[in-house]
Amino acid sequence: MTALDISADGEGTVRGIRPPLHRGLWAACLLILVLGGSALLPANLLEIDASAIGRAPDPGHPFGTDSLGRDVAARTLAALAMSVKVGLVAATASTGIALLLSLAAASNRVADQAVGVLTELALGLPHFVLLIMIAYAMGGGTNGVVVAIAFTHWPRLARLLRHEAQGVAASDYVAASQALGRPAHWIARHHMAPHLAPHLIAGFVLIFPHAILHEAGLSFIGLGIEPHLPSIGVMLAESLREIIAGRWWVAVAPGAGLLLVALAFERFGEALRVAAEPPGGAS
Amino acid sequence: MTKLTAAVLCAAVFLSAPLSARPLVLAVGGEPDGGFDPLTGWGRYGNPLFQSTLLKRDADLTLEGDLATDWGLSEDGLIWSVTLREDARFSDGAPVTAEDVAFTFNTARDAGGLVDLQDFVAARATGPFTVDLELSAPRISFASRLATLGIVPAKSYGPGYAREPIGSGPFRMVEWQEGAQLVVEPNPYWHGGEVPFERVSFVFGSEDAGLALARTGVADVVAVPASQADAPPEGMRALHIETVDNRGLMFPMRPDTGERSAGGAPIGNDVTADRAIRVAVNQALDRDALVALALGGHGRPATGPADGLPWDNPDAGLAGNDPDAARATLEAAGWVDADGDGTREKDGLPARFAIVYPSSDSTRQALALGAAQQLRGIGITAEPAGRSWDEIGAMMHSNVVVFGWGAHDPSEVYNLYHGRFAAIDDFNPGYYDNPAVNAHLEAAESANDFAASLPHWRAAAWDGETGFGPRGDAAWAWMVNLEHSYWVSECLDMGPMQIHPHGHGFPITHDLPGWRWTCAE
């Protein structure tokens with residue numbers, strides 16, 4: 001890959017920015033809606049209420065109430081906010097790990113080999129099994145979920161970044177900079193960063209929906225967030241039994257909410273990824 | 001009344017037995033991990049199926065003879081002398097003798113704590129059908145052991161026993177597919193009469209599998225969650241059985257001095273060490289609302305560890321759902337909300353504690369949430385926290401925990417409240433220790449007969465001055481007694497029922513040999 005190609009790629013991302021922006025707006029709107037809405041939610045809406053157990057949807061409770069009389073709509077909003085927060089922290093940590101490893105790989109050969117092996121190893125392990133093992137070892141809870149997600153979602157992005165970093169490091173202009181006596185941090189800032197940043201952002205946005213889904217998955221099987229706290233996974237797990245008892249509405253709001261948020265970010269991330277990718281390139 | 005019922009039942013037996021020999025399918029759980037060996041704990045609840053016990057409890061929980069025809073306690077309360085019936089036989093045809101009884105008790109003692117045989121020294125056969133059981137200290141609740149420990153044959157007991165049990169009980173094993181089902185048939189040598197079912201199958205598996213079996217008409221008795229019990233499928237009726245399967249808040253009694261248990265777990269909680277807090281919690285809890293919230297109405301309020309059992313003392317309780325009294329208690333003890341944040345303080349210490357519940361148990365979760373909500377009204381901030389049982393083991397000496405107990409045996413009360421049992425297993429995690437209560441409990445155990453022990457058990461809860469109950473030390477805030485829900489075939493007559501102990505499912509089999517099928521095939 002030559003300097004010319006890469007600068008052409010850069011141009012390409014600028015030209016193809018419309019769909020990511022469009023989808024980004026959607027995702028951002030959802031994020032603000034969820035976080036803002038849950039922050040403004042009156043606390044009494046999340047309270048248990050023995051007098052309103054298992055109500056079907058009505059104007060007072062648009063998505064009904066659950067087996068402890070809690071409003072499902074309000075609880076879903078709070079649960080989504082919890083998921084989004086967990087997802088943000090875990091995705092940030094995961095992206096950070098990927099970046100650190102790829103930079104380490106770019107620095108010398110031995111580290112590169114080590115990172116390569118580690119990445120392939122992590123990719124080879126079944127994703128959810130590793131997730132469960134880490135969450136279990138951490139004793140469950142919100143922290144366990146965050147750590148488990150952070151330590152399982154980095155390999156794909158790390159592999160991508162490592163390839164990119166290697167490509168840039170082997171390029172003529174980096175060689176030229178080195179010949180001109182530029183220090184390593186200058187090269188990192190002026191050559192590496194501009195090329196890695198788009199991938200990093202796209203990677204982050206792509207990890208985010210996975211983080212949310214896996215948070216829900218872990219909480220669903222009881223290794224995640226404490227069951228009395230609002231969380232999508234917990235709500236879906238509870239709704240299993242409720243559905244058998246005929247209360248279908250308990251599953252609708254959390255299911256649809258999770259789908260909506262995860263899908264919005266997945267599409268946004270996908271658009272970013274396509275934009276960040278060189279035309280016809282594989283990563 | 002009981003005699004009349006018994007007579008009617010007897011008549012029913014003779015009338016219905018010929019036409020009702022049929023298979024029975026039960027989905028009530030209860031598969032033992034270690035097989036069907038009484039010496040490793042099998043048969044503590046419900047019917048031991050394959051074995052029989054020296055005594056048994058009837059529907060009123062009165063002890064009656066099963067293998068024993070006569071039993072008595074020596075003057076000093078140390079020797080139980082039991083006379084056996086002579087017609088009892090194991091399912092291989094061998095007679096049940098005093099040697100077998102002595103062997104069972106001595107082997108259970110040596111098996112290392114799997115069967116609760118505290119203070120038991122040794123059993124000796126004093127004749128072919130008489131046996132003496134010797135204790136190191138008087139222990140009236142030892143009678144409960146006589147009613148729960150199934151007798152095994154001395155000759156054929158060995159390593160494979162748990163999988164191929166031989167006993168003098170009403171059934172013998174046909175087949176056991178681990179994790180799937182157990183099939184038994186009547187033991188022709190049983191001394192208790194004829195069992196009117198040609199086979200009984202126990203189907204194990206998830207709750208949902210049991211529900212499915214009931215809906216397809218395969219199962220005759222199914223344990224169901226209370227939330228679904230009220231919609232039985234056609235041909236079945238919902239059965240809600242009263243229990244002493246209770247749930248309550250256990251309070252750590254000691255202040256936090258940095259002390260740690262032998263296992264390294266922290267001990268003590270400065271807030272709950274104050275009696276006023278514990279009493280106020282007892283006064284504030286609206287137990288009827290908790291029954292409605294957490295049990296869907298299928299339960300009753302609990303005030304003690306053994307509500308409605310002979311050793312219960314109703315006077316030890318305090319009226320609940322009385323937030324005003326609770327507030328007065330707190331104010332009088334110096335807990336006031338000076339900074340107006342909704343939580344009272346005393347000497348800078350906020351009235352705040354966690355209510356820990358096992359995260360796998362939705363009923364306890366609901367109780368923790370409900371209690372926390374109610375306590376907020378009196379200025380106590382209780383924060384629910386869901387943890388695994390492993391974690392709870394390390395937290396229970398310093399945190400309020402939603403625990404559940406309930407047994408047909410007063411020794412449980414001893415174990416829960418005697419200082420000697422502080423942090424022994426799960427019994428007295430709060431380190432409750434009141435010399436007066438200890439003395440009452442010991443007096444109860446050393447009573448000469450069961451009736452004479454009852455006043456002492458009751459005095460331990462409240463003797464007019466002190467006690468473990470809410471009027472005294474309020475060591476626990478009991479919340480609810482569950483009801484156990486089942487779907488039962490409309491054709492099945494289960495006769496008079498006991499009040500059930502802790503554990504939803506298998507205890508219903510207690511009187512299985514006496515069940516009758518009332519429909520013609």
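The values are calculated or read from the model by the stated rules, or taken from the named source; none is laboratory data. Here the structure is a predicted model, which is why all the values come from computation and not from measurement. Neighbour counts run over all protein chains shown; Cβ positions are idealised from the backbone, glycine included. Protein only, heavy atoms only, side chains kept; ligands, DNA and RNA dropped before computing areas. Shrake-Rupley method; radii C 1.70, N 1.55, O 1.52, S 1.80 Å.
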Q.
Between helix A:72-107 and chain A, what is the angle of the helix's C-alpha long axis to the longest principal axis, kept within 0 to 90° and rounded to the nearest 10?
A. 20
**Q.** Shielding by partners, peptide B:461-467 (average Cβ within 10 angstrom, other chains)
**A.** 0
Q) Based on the alpha carbon coordinates of region B:366-420, what radius of gyration and maximum Cα-Cα distance (Dmax) apply, in Å? A) 14.1, 37
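What size of dipole, in debye to the nearest 20, comes out for the protein assembly as shown about its Cα centre when the only charges are +1 on Lys and Arg C-beta atoms and -1 on Asp and Glu C-beta atoms? Let's see the in-between values first.
Details: 52 positive and 89 negative charges, 601 e Å.
Around 2880 debye, computed over the protein assembly as shown.
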Q | Å² per residue, accessible surface of the protein assembly as shown at 1.4 Å | A | 42
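Let me have the relative contact order for chain B, percent, based on Cα pairs under 8 Å that are six or more residues apart. Walk me through the intermediate numbers first.
Working: 1190 pairs, mean separation 104.1, N = 521.
Worked out over chain B, it gives 20 percent.
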Q. Does any residue of region B:185-217 lose at least 10 Å² of accessible area with all protein chains in place compared with its chain alone, and if so which ones (probe 1.4 Å)?
A. B:E207, B:D208, B:R215
Q | Histogram of C-alpha separations across region B:231-332, 5 Å bin width, % | A | 2, 11, 14, 17, 16, 14, 12, 7, 3, 3, 2, 0, 0
Q: Between the alpha-carbon centers of region A:225-243 and region B:310-388, tell me the distance in whole angstrom.
A: 25
Q) Using Cα atoms only, what is the angle between the long axis of helix A:109-124 and the major principal axis of chain A, expressed in degrees (0 to 90) to the nearest 10? A) 30
**Q.** Of every Cα-Cα pair in region A:18-154, the percent that sits beyond 26 Å
**A.** 48
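Find the all-direction average of the projected area of the Cα convex hull for region B:375-521, expressing the result in square nanometres with one decimal place. Intermediate results must be reported in sequence, preceding the final value.
On the way: hull surface 52.5 nm².
So the Cα hull casts an average projection of 13.1 nm².
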(Q) Give me the three principal axis extents of the protein assembly as shown from the C-alpha atoms, as integers in angstrom, largest value leading. (A) 107, 64, 56
Q: Rank-order B:273-280, A:48-55 by packing density, defined as the average count of other C-beta atoms within 10 Å over each peptide's residues, highest first.
A: B:273-280, A:48-55
Q: Kindly sort B:V25, B:V281 by accessible area of their heavy atoms, largest first, with the probe set to 1.4 Å.
A: B:V25, B:V281
Q: For the protein assembly as shown, build the charge dipole from Cβ charges (+1 Lys, Arg; -1 Asp, Glu) around the Cα centre, then report which of A:H190, B:A460, B:N47 sits farthest towards its positive end.
A: A:H190
Q | Packing rank of B:157-168, A:29-40, where each peptide gets the mean count of other beta carbons within 10 Å, highest leading | A | B:157-168, A:29-40
Q) Peptide B:348-355: average number of partner chain Cβ atoms within 10 Å per residue? A) 0
Q.
Solvent-accessible area of B:D425, probe 1.4 Å, all protein chains present, reported in Å² to the nearest ten, please.
A. 110
Q) Could you give the dipole magnitude of region B:243-481 about its Cα centre, charging the beta-carbon of Lys and Arg +1 and that of Asp and Glu -1, in debye to the nearest 20? A) 300
Q. Along the charge dipole of region A:79-275, Cβ charges K/R +1 and D/E -1, which of A:L160, A:P254, A:P230 sits furthest on the positive end?
A. A:L160
Q) Normalised by the number of residues in region B:46-158, what is the relative contact order in percent for Cα pairs under 8 Å and 6+ residues apart? A) 31
Q) By average Cβ neighbour count within 10 Å, what is the ranking of A:258-270, A:240-252 from highest down? A) A:258-270, A:240-252
**Q.** Enclosed volume per residue, in Å³, of the convex hull spanned by Cα atoms of region B:243-481
**A.** 114
Q: Specify the inter-centroid distance of region A:95-112 and region A:166-184, based on alpha-carbon positions, in whole Å.
A: 17
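Tally up the carbon and sulfur contribution to the accessible surface of the protein assembly as shown as a whole percent, 1.4 Å probe, everything protein left in place.
Values: 20060 of 34060 Å².
Exposed carbon and sulfur together represent 59 percent of the surface.
What's the total accessible area buried between chains B and A, using a 1.4 Å probe, rounded to the nearest 100 Å²?
1500
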Q.
Below 8 Å between Cα atoms, with a sequence gap of 6+, how large is the relative contact order for chain A in percent?
A. 27
Q: With r as the distance between the Cβ atoms of B:R22 and B:Q177 and R0 = 25 Å, compute the FRET efficiency 1/(1 + (r/R0)^6) and round to 0.05.
A: 0.70
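Taking each pair of distinct Cα atoms in chain B once, what is the resulting Kirkwood hydrodynamic radius in Å? Working shown, then result.
Numbers: mean 1/r = 0.0409 Å⁻¹.
Averaging 1/r across every pair of different Cα atoms and inverting gives 24.5 Å.
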Q. Given B:G268, B:A229, B:S201, which one lies farthest toward the positive end of the charge dipole of region B:177-324, if we put +1 on the Cβ of every Lys and Arg and -1 on the Cβ of every Asp and Glu?
A. B:G268
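Any chance you could tell me what percent of the C-alpha pair distances in region B:46-158 go past 18 Å?
Numbers: 2885 of 6328 pairs.
So the portion of pairs separated by more than 18 Å is 46 percent.
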Q: Compute the long axis of helix A:249-276 from its Cα atoms, compare it with the longest principal axis of the Cα atoms of chain A, and write down the angle in degrees, 0 to 90, nearest 10.
A: 10
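Peptide B:48-57: average number of partner chain Cβ atoms within 10 Å per residue?
Details: counts 0, 0, 0, 0, 0, 0, 0, 0, 0, 0.
Mean inter-chain Cβ contacts per residue within 10 Å come to 0.
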Q: For region A:207-229, state which residues have at least 10 Å² less accessible area in the presence of all protein chains than in their chain by itself, taking the probe as 1.4 Å and leaving out ligands, DNA and RNA.
A: A:E226, A:P227, A:H228
Q. Any idea what Rg and Dmax come out to for region A:79-275 if you just take the C-alpha atoms, in Å?
A. 19.8, 74
